[in-house]
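**Student:** Handing you a structure now.
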Amino acid sequence: MSDDYTAITHGISVKVRSFFLADQSRPDERHFVWAYRVRMENQSSETIQLLRRTWRITDGQGRVQHVHGDGVIGQQPVLKPGETFEYTSGTPLETASGFMTGQYHMILTASGAAIDVDIPDFSLDSPYYAGVVH
């Protein structure tokens, strides 16, 4: 289990923790899997809605994959001031380490104004890699 990584943008806190999934990984086949838990908290005074996400996933050899999509885990949550939303997802890599970063594309529901909220850089470390990428 790794540390928590946190970013706050426009009063929206995004906290991430990653977990190596040894039971789903097959190191001898270059298949390493992580889960990550995200907790968003609306610390602003406005209601927001998450519409889309953009991820940048970098493996231990520096190869980059960009992932874009609507919502998260099939949802486009609305958060009133003080509310939180948590979800867990995952990613596989061909290397024993890597890191992820990204943005949530949201709107302020009252005005419809678009905002981008940073997802902090976070490390994907496994016991099969002696160093730390991030």
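Every number here is computed from the coordinates shown, using simple stated rules; none is lab data. As the structure is a computational prediction, the values presented were derived from the model and not from experiment. Neighbour counts are summed over all protein chains in view; Cβ atoms, including those assigned to glycine, are modelled from backbone coordinates with ideal geometry.
**Student:** If each residue's Cβ is checked for other Cβ atoms within 10 Å, how do Thr88, Thr9 rank with the fewest at the top?
**Tutor:** Starting with the residue having the fewest Cβ neighbours, the order is Thr88, Thr9.
**Student:** Please compute the contact order of the chain in relative form: average sequence separation of alpha-carbon pairs under 8 Å and at least six residues apart, divided by the residue count, as a percent.
**Tutor:** Relative contact order comes out at 29 percent.
**Student:** Please compute the Cα-Cα pair-distance distribution of the chain with 10 Å bins starting at 0, giving whole percents from short to long.
**Tutor:** Values per bin, smallest distances first: 13, 43, 29, 13, 3, 0.
**Student:** I've got another one for you. Just want the ordering: Trp34, Trp55, from fewest to most Cβ atoms lying within 10 Å of their own Cβ.
**Tutor:** Trp55, Trp34
**Student:** OK, next. Just subtract the alpha-carbon distance of Arg56 and Leu21 from 0.36 nm times their residue separation and send over the number in nm, one decimal.
**Tutor:** 10.6 nm
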